[in-house]
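I have a structure here, written as structure tokens, and I will follow up with some questions on it.
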Amino acid sequence: VQQGKLDLRHGQVEKLPWPDQQFSHVLAISNFHIWESRRCGLREIVRVLKPGGKFLLCLRRARATPRWFDQPGITDQELAEDVALIQ
């Protein structure tokens, strides 16, 4: 941050503050489930990616038999829905 190589901003994926085709890579880790609109967020990511750009989305799946201390994840059904939306 101090060297000007990192720009941190607070905001929403549905309203990215960058111009079209700004990035070669976009990374989203463990936050897809809290996006207000996954469809709009994905549209915005496609908008800011350069042609041939890469998008890495990391999701954590729920255990088939969760234990009381497990962190939340996503179910197989939710994963299937998310994959369909992304495609």
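The values are calculated or read from the model by the stated rules, or taken from the named source; none is laboratory data. Treat the numbers as computed from the prediction; the structure is a model and nothing was measured. Note that we place each Cβ from the backbone using ideal geometry, even for glycine, and neighbour counts take in every protein chain shown. Surface areas here come from the heavy atoms of the whole protein model, side chains and all, with no ligands, DNA or RNA. Shrake-Rupley method; radii C 1.70, N 1.55, O 1.52, S 1.80 Å.
In region 5-37, how many residues are in a helix (DSSP H, G or I), within 18 Å of residue 81 (Cα to Cα) and open to solvent by less than 70 Å² (accessible area, probe 1.4 Å)? Steps first, answer last, please.
Going residue by residue through region 5-37, those that are in a helix (DSSP H, G or I) are 13-15, 32-34.
Next, from what is left, pick out any that are within 18 Å of residue 81 (Cα to Cα): 32-34.
Subset that is open to solvent by less than 70 Å² (accessible area, probe 1.4 Å): 32.
The total comes to 1.
So, in region 38-60, how many residues would count as being part of a strand (DSSP E or B) and under 15 Å from residue 86 (Cβ atoms)? Let's see the steps before the verdict.
Taking region 38-60 and keeping what is part of a strand (DSSP E or B), we get 49-58.
From the residues that got through so far, the ones that are under 15 Å from residue 86 (Cβ atoms) too are 49, 53-58.
Residues flagged as part of a strand (DSSP E or B) and under 15 Å from residue 86 (Cβ atoms) within region 38-60 amount to 7.
Let me ask something additional. Quick check on residue 53: is it surrounded by 13 or more Cβ atoms within 10 Å (Cβ to Cβ) and out of contact with any His (no Cβ under 7 Å at 6 or more places or on another chain)? Steps first, please.
Details: surrounded by 13 or more Cβ atoms within 10 Å (Cβ to Cβ): yes; out of contact with any His (no Cβ under 7 Å at 6 or more places or on another chain): no.
No, not satisfied.
A further question on this structure: Which members of region 38-48 meet the condition of being touching a Leu at 6+ places or on another chain (Cβ under 8 Å) and either under 25 Å from residue 60 (Cβ atoms) or open to solvent by 70 Å² or more (accessible area, probe 1.4 Å) (or both)? Before the answer, list the steps.
Initially, region 38-48 is screened for residues touching a Leu at 6+ places or on another chain (Cβ under 8 Å), giving 38-39, 42, 44-45, 47-48.
Correct list: 38, 39, 42, 44, 45, 48.
Given the condition open to solvent by 50 Å² or more (accessible area, probe 1.4 Å), modelled with pLDDT of 90 or more and either touching a Pro at 6+ places or on another chain (Cβ under 8 Å) or not hydroxyl-bearing (Ser, Thr, Tyr) (or both), answer yes or no: does some residue in region 67-77 qualify?
No, every residue in region 67-77 fails to be open to solvent by 50 Å² or more (accessible area, probe 1.4 Å), modelled with pLDDT of 90 or more and either touching a Pro at 6+ places or on another chain (Cβ under 8 Å) or not hydroxyl-bearing (Ser, Thr, Tyr) (or both).
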